[in-house]
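The values are calculated or read from the model by the stated rules, or taken from the named source; none is laboratory data. Keep in mind that what you see is a predicted model, and the values were worked out from it rather than measured. Every residue, glycine as well, gets a Cβ built from its backbone with ideal geometry; the counts of neighbours run over all protein chains shown. Heavy atoms of the whole protein, side chains included, go into the accessibility calculation; ligands, DNA and RNA do not. Shrake-Rupley method; radii C 1.70, N 1.55, O 1.52, S 1.80 Å.
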Amino acid sequence: MSPNCRFGGYCEDSGTVARDSQHGSTDERIGLHIHSVIKSSCLQRSATCHGQYNEPDRSTSHENNSKPRDTQDTKHNGVIASMSSWLHRQAGSSHGQLATAAVVSGAAVAGAIFGYQSYKRREAVHDLKASIPSLDDLNPAEMLTDFGAASNGVQMSKEDERSAALARRAQKGEYDDDLILEQLARNRVFLGDEGLAQLRSSFVVVVGCGGVGSHAAASLARSGVSKIRLIDFDQVTLSSLNRHALATLADVGTPKVHCIRRRLEQIAPWVAFDCRNELYGKAASEDLLGPWSLTQDGQGRRPDFVLDCIDNITSKVELLHYCHSNSLPVISSMGAGCKSDPTRVVVGDISLSTDDPLSRSTRRRLKLLGVSSGVAAVFSTEKPGPGKATLLPLPEDEFTKGQVGELGVLPDFRARILPVLGTMPAVFGYTVANHVICTITGYPLDYNMGAKSREKLYDTILGALLNLHERMIKQVTSQDTVGLRVPLSKDDIAFVVEEVYRGKSSISGLSNRLALVPWQTPAHGWNMDLSLEKEGQKTIPMDINDMVCMTKEEALHHEKEVLKGGKKVEEVYGEAVLQRVNLRRREAEEYDQYRG
């Protein structure tokens with residue numbers, strides 16, 4: 001073979017390998033067929049090469065014209081030769097043979113597994129289809145809701161059927177009113193006959209029938225509200241039983257609105273429930289929050305109150321904005337998740353809600369719609385901290401599966417799990433219901449929200465009061481005030497500021513930069529009590545009811561004109577301020593007898 005042939009050496013090697021393989025081991029014969037094919041191809045290329053290189057007498061012009069083509073062929077043949085050489089070496093090595101065997105066996109095993117899984121799936125589908133009964137009178141078909149839930153839930157038990165029959169008769173008036181009044185006797189003596197009558201004729205809408213909404217609805221029905229509209233698209237789940245007021249294991253998988261209705265009809269059969277198994281949205285506002293239409297009694301009555309117990313921000317904002325725009329009384333429950341301190345649950349304007357991501361997001365979106373206040377809210381002032389529950393993160397593998405937003409129940413719904421202590425939704429629900437009941441019946445409400453959230457303010461007021469007395473003692477008596485103590489606590493300060501003066505200045509009505517000052521010069525003057533001076537303590541007699549709430553600027557002016565200047569308060573303030581302060585001081589004396 002010509003040494004100029006680029007395939008010569010390879011062809012000789014392949015032939016040698018092929019001959020040797022006939023006497024080799026069984027494993028070495030695996031690539032025999034591949035070697036033969038490669039050898040045949042190489043011999044054909046070799047012959048072509050010999051033909052080309054054995055014609056040296058061609059004309060120069062012909063060589064020049066064919067040179068580019070010869071160069072391309074040479075490059076092409078070189079690539080093929082390199083690939084063939086690599087394949088030959090890999091096929092002839094024991095590693096290559098083992099790899100080939102592994103690939104073939106892996107493919108065979110994978111094919112067997114996939115084939116078995118496909119067979120099992122077909123078998124399971126066949127069994128499932130076979131288990132579905134034919135449609136007949138015993139197995140009727142019903143339309144599902146837009147959310148894939150059964151429209152009427154599970155078949156009622158005998159007890160539920162009896163309760164439903166009793167409820168239908170009661171709602172037609174076939175129920176002794178004396179029995180109703182006896183059941184509502186405690187509410188009657190608390191609210192009075194007029195208040196209870198207002199409650200019994202009222203129409204309340206509860207939007208969201210989960211942990212908060214179910215407890216609120218139960219309290220309203222037990223208290224005497226006779227017309228309740230329940231709105232929720234969701235079904236009872238096993239995980240919601242830790243906080244739902246009325247659901248049982250038998251209710252799992254049924255719509256929440258019908259679950260609440262069935263249970264409460266067994267407690268208060270005279271209450272009419274308008275169940276709407278729907279998702280609240282802006283487009284449905286007119287219908288869902290429209291006048292009562294279920295029964296003739298109260299036909300056309302607008303809602304007396306709307307309870308927002310939704311945990312989805314978009315729906316919550318749309319509901320609150322609609323109610324605010326249409327002058328519908330509404331109270332909103334903020335987040336009960338990750339909360340554990342029931343003493344921190346308060347009622348106030350939504351603009352004052354703090355330490356709650358749900359309320360913060362709701363406030364921001366409402367502000368963009370032009371609503372910054374005027375919406376009552378129930379929220380917790382409990383602050384997050386080390387060791388406390390937080391929103392659970394999504395597992396890392398969920399991000400690799402695709403769009404994380406698809407994990408929610410519906411678009412824009414929370415996909416992550418929010419830890420909820422079962423007691424806290426009940427606290428929120430009963431607080432919401434309490435506000436609604438008292439408002440409808442006209443019962444006095446005087447929430448003391450600030451006393452639970454303004455500890456720093458009370459510390460500041462207490463320190464300023466001590467400084468004021470030190471200044472006055474030094475100026476009037478020239479006594480040493482080192483060791484002076486004020487016989488008041490933060491609870492005393494909170495009582496005067498929040499309970500007596502409603503968190504506002506008695507002079508201007510402003511609610512920021514507050515301070516307490518003596519209304520007049522104390523009857524005992526500015527003399528200290530030195531009975532405990534040996535123990536290093538000094539104090540000054542002080543009556544909490546003599547303290548008046550002002551802003552810091554007003555307090556400085558009062559100190560200058562009245563306490564230091566010696567003027568009478570009648571010379572400094574007008575009649576309206578004097579009457580207001582005197583009224584508050586009398587209230588303080590009355591309240592003080594109930595304080596421990």
| query | Can you name the number of the only condition in (1) farther than 26 Å from Ile440 by Cα; (2) open to solvent by less than 40 Å² (accessible area, probe 1.4 Å); (3) at pLDDT 85 or above that Gly385 fails? | reply | (3)
| message | So in segment 331-389, with the set limited to residues that are assigned to a strand (DSSP E or B) and free of Cβ contacts under 8 Å to residues at least 60 places away in the same chain, which one is nearest to Asn512 (Cα to Cα)? | response | Asp349
| Looking only at segment 521-540, which residues are closer than 17 Å to Arg471 by Cβ and either in contact with an Asp or Glu (Cβ under 7 Å, 6 or more places away or on another chain) or not polar (S, T, N, Q) (or both)? | Pro522, Gly525, Trp526, Met528, Lys538, Thr539, Ile540
| remark: Within segment 330-354, residues closer than 25 Å to His244 by Cα and open to solvent by 50 Å² or more (accessible area, probe 1.4 Å) come out as Ser340, Pro342, Thr343, Arg344
| task | Considering only segment 525-594, give the helices (runs of 4 or more DSSP H) lying wholly within it that have at least 1 residues that are open to solvent by 60 Å² or more (accessible area, probe 1.4 Å), touching a residue at least 24 places away in the same chain (Cβ under 8 Å) and within 23 Å of Ser511 (Cβ to Cβ). | result | 552-558, 575-592
| task | Go through the residues of segment 514-527 one by one and say whether even a single one is over 22 Å from Lys474 (Cα atoms) and either of a type in the set (Phe, Trp, Tyr) or touching a Leu at 6+ places or on another chain (Cβ under 8 Å) (or both). | result | yes
| said: Criterion first (of a type outside the set (A, V, I, L, M), in contact with a helix residue (DSSP H, G or I) (Cβ under 9 Å, 6 or more places away or on another chain) and either assigned to a helix (DSSP H, G or I) or modelled with pLDDT under 80 (or both)) does Ser163 satisfy it? | reply: yes
| query | From the set of residues in segment 253-282 that are β-branched (Val, Ile, Thr) and open to solvent by less than 30 Å² (accessible area, probe 1.4 Å), which is farthest from the chain's Cα centre (by Cα)? | reply | Val271
| remark: With the first residue restricted to segment 214-236 and required to be over 18 Å from His435 (Cβ atoms), and the second required to be open to solvent by less than 10 Å² (accessible area, probe 1.4 Å) and part of a helix (DSSP H, G or I), Cβ contacts under 6 Å at 6 or more apart or on different chains are Leu230/Val257; Leu230/Ile260; Ile231/Leu288; Asp232/Val257; Val236/Asp251; Val236/Cys259
| field | Candidates Ser226, Ser214, filtered to the one that is in contact with a Pro (Cβ under 9 Å, 6 or more places away or on another chain) and of a type in the set (Ser, Thr, Tyr) | value | Ser214
| Any hit, segment 289-311, residues being assigned by the TED database to the domain that holds Ile231, at pLDDT below 95, closer than 23 Å to Gly211 by Cβ and open to solvent by 40 Å² or more (accessible area, probe 1.4 Å) | yes
